Amino acid sequence: MLSILNNALGSSAALRIAFAALMGVFTSVAAGQVDYQHPSKVQLAFNKLYNYDEVIRICEQMVAAYPEMLSLETIGQSSEGRKMLALTLNIQKTGPHDSKPALYIDANIHGNEVQGTEVVLYTIWYLTKSYGKVEHLTRLMDRVSFYFVPMVNPDGRAYWFDQPNTASSSRSGKKPTDNDGDGLYDEDPPNDLDGDGYILRMRREDPNGNMRESAEDYRLMVRVDRQTKGDFKRYTMLGSEGIDDDGDGRVNEDGPGGYDLNRNWPADWQPNYIQRGSGDYPFSHPETHSIGKFILARPNIAAAQSYHNSGGMILRGPGAEYVTYPGRDTRVYDKIAKRGEKLLPFYRYLVIWSGLYTVHGGTVNWTSEDLGIISFTNELWSGKQYYNRDERASQKERLEFSDFVLFGQTYVPWKKFNHPVYGEIELGGWRKMTGRVPPAFAIEEMCHRNFAFTMYHADQMPLVELRDSEVKSLGGNVWRVRVDAHNLRTIPTTTGQAAKRKYGPRDFLEISGPSLEVVAGGTLANRFTAPFEFVEQNPHKLWLDTGLRGDGHQIFQWIVEGSGQATVRFSSARAINVSTAFALRPE
Amino acid sequence: MARSLFRLGLVLCLSATSCAEPQPPPVGSRRPRRPRPRPVVVQPARPAPTSAVPMPAGPIAAPAQWPAGYHTFTQLSAALHELADGAADATKFESIATTAGGRELWTLQIAAPGDIPPENRQAILIVGGSDADHPAGSVIAVNVARLLVEALATEPDGEVAALLARRTVYVVPRLNPDGIESFFETIKRGARENAKPIDNDRDGVVNEDGPNDLNGDSRITVMRVRDPDGPWMVDPDEPRLMKKADRAKGERGVYKLMTEGLDDDGDGQINEDGPGGVDVDRNWPHLFESGVKEAGIHQLSEPETRALADFILARPNIVAAIVYGRHDNIVKVPKGKQRGPAGRAYRDLHPDDVKLYEHLSKKYRKTTGLEESPGGEADGAFYSWSYAQRGILTLATSPWWPLEKEEKKKPTTQPASGPAGEDPDEPKSDEDAVPDDAPSVDSEEQRPPDRDEIRARFQERFGNRQPTQEEARAFFRSMSGGTAQVRVQRGGGPAGASQRGRGGRGGRGGQRQRGRPGAPGDAGAPSDKPDKDPLAGHVEASKVNKRWLKYSDEKREGSGFVEWTEFDHPTLGKVEIGGFAPYFKTTPPADKIDPIAEKQVAFLVELSELFAAPRFAKPEVKDVGGGVWRIKLGLTNDGYLPTHPAIARHLRMPGFAVRPQVEADRLIGGRPQVSAANLEGSGGSVSWQWLIRGQAGESVEFRAFNRVYGEIKTSVVLRETPPGGEGE
């Protein structure tokens, strides 16, 4: 741009002066662009989706490029032996990863719900390139750590990319499962009969059929309406492309897998007959089990995010009507998610059981209900985003979107096929890369906005400061010591749910000194009129069963006898532990 | 580059069945059994039994050094090794897990060599030592295994050998080896937990405040502490026992109860973080008590429980299980009633299985002579999981009950020790609880109505009128009893939670308050029982405790009860220490073990004879002309037990899939595959018809498959059968 201007402005000295004046403006704009388009050491496009191998390679490249903050481990193997990859992002010079509150992010637990993995890759990509460059993120990265599991269901991802599929086939992991109880495993999947790489819909011309082509668009099938007269062909819809592979009279009834990894978590887990696809018992699958162990080994996780598709939702638990969360937690959820609704246009903040459907044993149900971690599930991409308006695009409008925006690339028009059982039929329908995933050009926006939401979430993790320490002589060697413990962020150091479930170590505030005897210890509601609420036992160590609440502070007081230095230390698994030291002498 | 090529190769390899390590079966291949996890085989691999001779050729030597009485883990391991070695072709001995304490989780498969491989025979699973405060359960399981193996040699024509020729017996003799090992420690605690270190009070220090043997009698009992606010007083009839003061009668409580011990860590609480661990019999998914430390961080979180779950899942041939321990559901059969937050899980038995259990109970009581039981607590217990979530007919039993039967007295002649209106015959403490502690509600009422019933009631309620949405919603809510029940339980209050909260209580067994967890996420874990002192079982003057005391006095020289003695407690001042001795009520004298095991073996024989015996019934064949034959064929069950008990149907366990083995174009009528959800016992049958084209005299094969019973085949000859079918 500058060189073009240079040429255009010629070599006149007067113009040069004018240009120099202009330059001031242009330079700052150009520098501004560089400011927020910091290059990464890893070139990565976010207008496409990556398959299993590519995701592994990208993760390895990212770690190779940023070894000082990013590390990678294989925490297990999937049913088919693929890697369960976990990454840790931590600025080591500000402390080990488990000394800071952490945000855990995963994606792609449902094999076909793929684009969350790209959001995870984007998050890693953006954070690594921004450290030391973007002040907001640098500050955040200095005080929190991040754990990523980009593919919870790597078998499902590989299957969805590599095999003929629809947008919705299939959620499951790929452990062979006898869905129909005949002793055969995965013996009757959908079949790509015409070998075009897609699983399409089948229709057959049938004088008694109850479907016809819509007058609006021949590709749309509508029910035959007795009132409509006219000359039209009738059709019978025959379901997904396939045959009765095992000859039991049913088509496509036992495809790959046949369970739901997102019903295999311990919180409110229910057996199969109550919650379909839940598996033999909680954590019965290698994928969920390895992640369960990973999370339980990290009590510093204070926030969690799972990416799914689709529908444009920010979901939180509970998953079932009879489960309730403490009010002090729901206020935290509300604050974060309401911000999310603004950051993520066309996304709605909903509770899983009331806004979507009842889920027993989901991932975020476990993290939020059993572990008290503030957790969200985002359903990426909404039907409102085809035309960026508050109403979902109709089927007709989606076809138009395919025609005029994507040049017909996402829909296969009806074509003839000779089916071994049904005879002359037609195949047609949506390709898999549509409906549940955004068009390629919208992937980056999806990635960035969701990344921004999780950064807001991450920044709400506890940040504790000890302030206003006050020492007053009570005569002789006896002192009254007061300290305010502030949590400057929204998420409490112990959530209501963690306190209720008694998960993780308890927070405490402890006073100590080389020559100091603690006479009493406790809290004050305020510094002026409130009585000293003291504890009966061990006054030096004050246990905070419900932690430090978010966006607030609590006043602690000790009566001590002694002299010299005193140190007050705050400890919590979900906050950086802090201490303050002062001398026992009158102020 | 080389690395990425290698990676590519690896991934390609993983997706190809030929070189992948965990091989998925080829699509469409018949694989009647699940892939089996490969456990550590401790014994050197033995040649697979190939002989068709039902009995082993040589005599089987009984172990020379069978340890008498209770076995330490080392003794148990050696004895099992020897037992398995002595009958190598009839046993398979392997460890399926290692505990936190470094002990092996042994399993022993017993099956006489024969045509049908052990994994294809209907099997009984025996589990002992799940309850660590019940070491007798483990020892009885081991001795049952020994008697079974010995009988193969000593009585090759006996009924035990006959059982083992047709069935497989899997024995898991000690599910909680860490916990049971504490029985052999000098100081007896009655611990239930395994050796996994747990920070019960969440103070960052593990196992720092367990119970202490203050009076030096090597037994952890109860401290009664003078306290004007305490709820307990000395029972006027039996001064060794305590009762809760009834203020309505002007009685005053003067004691509170605590487990014998000190505040080791000086946090103001006594015994709140003792040794261990997770109670492996509270770690199972059915009615799991989420949020209770001793129940585990999540369901099947322990190596013991997860390994046994996988062991069972890999053996669908297990049709029945017997569990020796603290629970019972067979001497006293629970009422079938519904419970569970999702509203559809049965707490104990499916109502339609109650009759079946009552029949088994009759046989069991007759054979074993047991007439009373300590009851069962389904929450997170193994026996309740294997029944309620796997559909296995599971019998839990506490096989030792030394108390003599008492004449039932009229309630009016009995001094009421409980709250007014309570039946004095009802045990008061948790430990004494009998299974039907539930309100005596007719099981019919508790059962969720099935679809037809709902339809009928809907019709009754609304006739042909279309109900409004509100009405319909209210109606269906009223139909699903579970939801309504949950609502009620919510009011239960968190009282129980604080009782159990810090857990610990020094691993004291037998008397921990078993709160019923409400819906997960509800405040605390509301209890639907009135709050009870967790130590009550050790000192309360309940009717059953008085009988135990009598038994101790008359038959055990008073060894079962530690007389109250004064002790100068460093933080509590003068206290008294006493109460029932740990293990006294669960642990028979060593010489009683053998007779108990013998009776259990006798019952095993009886039970195995009741198993379902599905087979194809005689076909009816009719020539309908044009080379087409009508075949009527069914499955029938010659055994006593149904192939699928009500619980298995409730769980939607797959039934029998039946298919004629003919090409599609020869099947003129009927379905290519039909199914039967269940075959009732004693001749229950399900049949189907097909039209099949073929030559007269030609054979058509039919196959039925079920994951439990395997594959059943029959050949039907296309020749008219005389009318009447299977009438013999």
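The values are calculated or read from the model by the stated rules, or taken from the named source; none is laboratory data. Owing to the predicted nature of the structure, the values given are computational and were not obtained by experimental measurement. Every residue, glycine as well, gets a Cβ built from its backbone with ideal geometry; the counts of neighbours run over all protein chains shown.
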Checklist entry - Looking at this structure, is A:G239 within 14 Å of chain B (Cβ to nearest Cβ), surrounded by fewer than 16 Cβ atoms within 10 Å (Cβ to Cβ) and either part of a loop (DSSP other than H, G, I, E, B) or of a type outside the set (D, E, K, R) (or both)? => result no
Next on the checklist: If I ask for residues that are within 21 Å of B:S138 (Cβ to Cβ), surrounded by 20 or more Cβ atoms within 10 Å (Cβ to Cβ) and of a type outside the set (A, V, I, L, M, F, W, C), which ones from region B:93-123 would you list?
Outcome noted: B:T99, B:R103, B:T107
Next on the checklist: Which residue is nearest to A:P150 (Cα to Cα), if the candidates are limited to region A:306-333 and must be surrounded by fewer than 22 Cβ atoms within 10 Å (Cβ to Cβ) and without any contact (Cβ under 8 Å) to a residue 12 or more places away in the chain?
Outcome noted: A:T330
Next on the checklist: One residue is enough: does region B:340-351 have a residue meeting the conditions within 14 Å of chain A (Cβ to nearest Cβ), under 30 Å from B:K574 (Cα atoms), of a type in the set (A, V, I, L, M, F, W, C) and touching a residue at least 60 places away in the same chain (Cβ under 8 Å)?
Outcome noted: no
Checklist entry - Does A:Y307 fit the bill of being in a loop (DSSP other than H, G, I, E, B), aromatic (F, W, Y) and either out of contact with any strand residue (DSSP E or B) (no Cβ under 8 Å at 6 or more places or on another chain) or modelled with pLDDT of 95 or more (or both)? => result no
Next on the checklist: Tell me yes or no: at least one residue of region A:375-385 is under 13 Å from the mean Cα position of the chain (by Cα), at pLDDT 95 or above and among the small types (G, A, S).
Outcome noted: yes
Next on the checklist: So in region B:308-318, with the set limited to residues that are more than 12 Å from every other protein chain (Cβ to nearest Cβ) and more than 15 Å from the chain's Cα centre (by Cα), which one is nearest to B:P197 (Cα to Cα)?
Outcome noted: B:R315
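May I ask you to list the residues in region A:214-230 that are within 40 Å of the chain's Cα centre (by Cα), part of a loop (DSSP other than H, G, I, E, B) and over 20 Å from A:L427 (Cβ atoms)?
A:E216
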Checklist entry - Before we move on, is A:F417 assigned to a helix (DSSP H, G or I), out of contact with any helix residue (DSSP H, G or I) (no Cβ under 6 Å at 6 or more places or on another chain) and not acidic (D, E)? => result no
Checklist entry - Hey, A:W353 hits all of (1) without any contact (Cβ under 8 Å) to a residue 40 or more places away in the chain; (2) buried (at least 18 other Cβ atoms within 10 Å of the Cβ); (3) farther than 26 Å from A:P492 by Cβ; (4) within 14 Å of another protein chain (Cβ to nearest Cβ) but one; which does it fall short on? => result (3)
Checklist entry - Hey, among B:V354, B:V280, which residue is among the aliphatic types (A, V, I, L, M), away from every other protein chain (no Cβ under 14 Å) and more than 30 Å from B:D178 (Cα to Cα)? => result B:V354
Next on the checklist: List pairs: first residue in region B:94-105 and at negative phi, second residue among the basic types (K, R) anywhere in the structure, Cβ distance under 7 angstrom, at least six positions apart or on different chains.
Outcome noted: B:A100/B:K196
Checklist outcome for this item: In the set A:K233, A:K174, the lone residue that is under 30 Å from A:T367 (Cβ atoms), charged (D, E, K, R) and not in a strand (DSSP E or B) is A:K174
Checklist entry - Within region B:387-403, how many residues turn out to be aliphatic (A, V, I, L, M) and not in a loop (DSSP other than H, G, I, E, B)? => result 4
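Per-residue answers, yes or no, for (1) without any contact (Cβ under 8 Å) to a residue 40 or more places away in the chain; (2) touching a helix residue (DSSP H, G or I) at 6+ places or on another chain (Cβ under 7 Å):
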position	(1), (2)
A:L103	no, yes
A:P154	no, yes
A:D162	no, no
A:T166	no, no
A:S172	no, yes
A:G181	yes, no
A:E187	no, no
Checklist outcome for this item: Checking A:D180, A:D155, A:D142 in turn, the sole residue that is part of a helix (DSSP H, G or I), among the charged types (D, E, K, R) and within 14 Å of chain B (Cβ to nearest Cβ) turns out to be A:D155
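Here is a check on your reading of the model: is A:T324 of a type in the set (S, T, Y), over 21 Å from the mean Cα position of the chain (by Cα), outside any strand (DSSP E or B) and within 14 Å of chain B (Cβ to nearest Cβ)?
Criteria met by A:T324.
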Checklist entry - Counting only residues that are free of Cβ contacts under 8 Å to residues at least 40 places away in the same chain and away from chain A (no Cβ under 14 Å), which one in region B:668-699 is farthest from B:G625 (Cα to Cα)? => result B:S699
Checklist entry - Within the bounds of region B:621-632, is there any residue that is in contact with a Phe, Trp or Tyr (Cβ under 6 Å, 6 or more places away or on another chain), surrounded by 21 or more Cβ atoms within 10 Å (Cβ to Cβ) and closer than 16 Å to B:Q689 by Cα? => result yes
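Give B:K293, B:K332 a once-over and let me know the one that is more than 14 Å from every other protein chain (Cβ to nearest Cβ) and of a type in the set (K, R).
Going through B:K293, B:K332 in turn, the sole match is B:K332.
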Item to check | Single match in A:V483, A:V471 (criterion: of a type in the set (A, V, I, L, M, F, W, C), within 23 Å of A:P101 (Cα to Cα) and not assigned by TED's automatic domain parsing to the domain that holds A:N309) | outcome: A:V483
Checklist outcome for this item: Note on region A:258-271: residues at the interface with chain B (Cβ under 10 Å from one of its Cβ atoms) and either closer than 23 Å to B:R659 by Cα or in contact (Cβ under 8 Å) with a residue 24 or more places away in the chain (or both) are A:W265, A:P266, A:A267, A:D268, A:W269, A:Q270
Checklist entry - Quick check: anything in region A:338-360 of a type outside the set (K, R), closer than 21 Å to A:G504 by Cα and either assigned to a strand (DSSP E or B) or in contact with an Asp or Glu (Cβ under 9 Å, 6 or more places away or on another chain) (or both)? => result no
Checklist entry - When residues of region B:271-297 are filtered for being crowded, with 24+ Cβ neighbours inside 10 Å and farther than 30 Å from B:G391 by Cα, how many remain? => result 5
Item to check | Top-ranked residue of region A:272-293 - restricted to ones that are within 8 Å of another protein chain (Cβ to nearest Cβ) and touching a residue at least 24 places away in the same chain (Cβ under 8 Å), ranked as surrounded by the most Cβ atoms within 10 Å (Cβ to Cβ) | outcome: A:P282
Checklist outcome for this item: Among residues of region B:700-713 being among the charged types (D, E, K, R) and within 12 Å of chain A (Cβ to nearest Cβ), the residue farthest from B:F611 (Cα to Cα) is B:R703
Next on the checklist: What's the total number of residues in region A:183-213 that are surrounded by fewer than 15 Cβ atoms within 10 Å (Cβ to Cβ) and either over 37 Å from the mean Cα position of the chain (by Cα) or within 14 Å of chain B (Cβ to nearest Cβ) (or both)?
Outcome noted: 4
